[in-house]
Structure formats: C-alpha cells, structure tokens
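Coordinate-derived values only; no laboratory data. Note that the structure is predicted; figures quoted are calculated from it, not measured. Backbone-built Cβ (ideal geometry, glycine too); neighbour counts: all protein chains shown.
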Amino acid sequence: MFARIPSRTLKTSLAIAALAVALAGCTSTKWGFPYKAPVQQGNWITQEQVALLQPGMTREQVRFALGSPTLTSVLHANRWDYPYYFKPGYGDAQERKFTVWFENDRLVRWEGDKQPDLQPYQINTLDAVADEKTDLRLDQDEARMKQEQDEQKRDADAPVSPINQYPGQPGNAPEPLL
C-alpha cells in the first residue's frame, strides 16, 4: 500500500499521524489507562448512629453505636477518633472526622463533621429513602405471612372430631374403594 505513494515525506507524515492518533487514545482518561483504584479508609458513620449517642454511655455502648474506633491513642486514652477518607480513582477526595470523649469511662461529649444520612451501598440508588421504606414494608409483609403460616399449622395440628372428619359421607366414614 505504501509502495504506491510517490513521496517519501508523505509516507513519513502518514506514519507520524497514525502514531499520534494511537498514542492520543492511550493518554485519555476515558480509556481507563492507567487504572487508578479507589482508596477507602476509616469508619463510615451515619447521622442515625450519631443520634444514638447520649451522655453517660459506657465505652461498650458507644462501640455498639458507632463501631470500633479507627484510632485509639495511648497518650489520649479518653478520646476515640473515627476518621473517614475516600479517594476515588479520578476525582476529589472526601474526608470526615468524628471524635468522642470519655471521663471515668463514660461518654461526655462528641463532635465532628456532618455525617451522611445513608450507608455507601444505599447512596447509589435513585431513591434511597423510598427503597428503605419498601424494605420495611417487605419485612412487615414477611412477618405477617409467617404469622399466618403458624396459625394454619396450629389449625392443622389441632385434633379433628371423628364426626366431622369425613363430612357428607354416609356414616361419617369413607366408602371402600372397589
């Protein structure tokens, strides 16, 4: 194919253009090259978890509400830190801090950045609040169906009167099969 092109400069310029197009495709971030993995570190705390905190709670109660702290310092034994850091492969990093303080192993105060309403797996849904309400309604329906099944099982296990065992049959007994 190149043998029919008379000019050597034309061949060289076509080769350079093809190489430039190929290299331009590799440098674009839309191609995913090079891949940058997202980095997530720390504790994800929601507003619902923060709402559980009350002054006077024990360390175990706080651990139950917020989870185990990421940072506990020997120098600051009465302080638990809950940092969160997320750096997506491409984009801006997110950083949140939350700290609780204890005196005599009882919670005295807490402070930190505003925490999100939802867990990370709930955020990507179109309508996370509606999904949560749907999940609650499904749980209630499951509980109701289980209760109905238990009632049916109790009715089936109840003793049966011999008179009503075979209704509509002469003598209330099954007729022999021939």
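Any chance you could run the full-extension gain for Lys36 through Tyr90? It's 0.36 nm times the residue separation minus the Cα-Cα distance, nm to one decimal.
Computed gain between Lys36 and Tyr90 is 18.7 nm.
Evaluate the distance, in nm, between pseudo-label points positioned 7 Å from the Cα of Ala17 and of Arg106 along their respective Cα→Cβ axes.
Result: 8.2 nm between the two label points.
Name the lysines eligible as straight-distance cross-link partners of Lys36: C-alpha to C-alpha under 16 Å, and not fewer than 8 places from it in the same chain.
Counting by Cα, and skipping residues close in sequence, Lys36 has these lysines nearby: Lys87.
Going by average Cβ neighbours within 10 Å, how do the peptides 43-54, 79-90 rank, with the highest at the top?
Final packing ranking: 79-90, 43-54.
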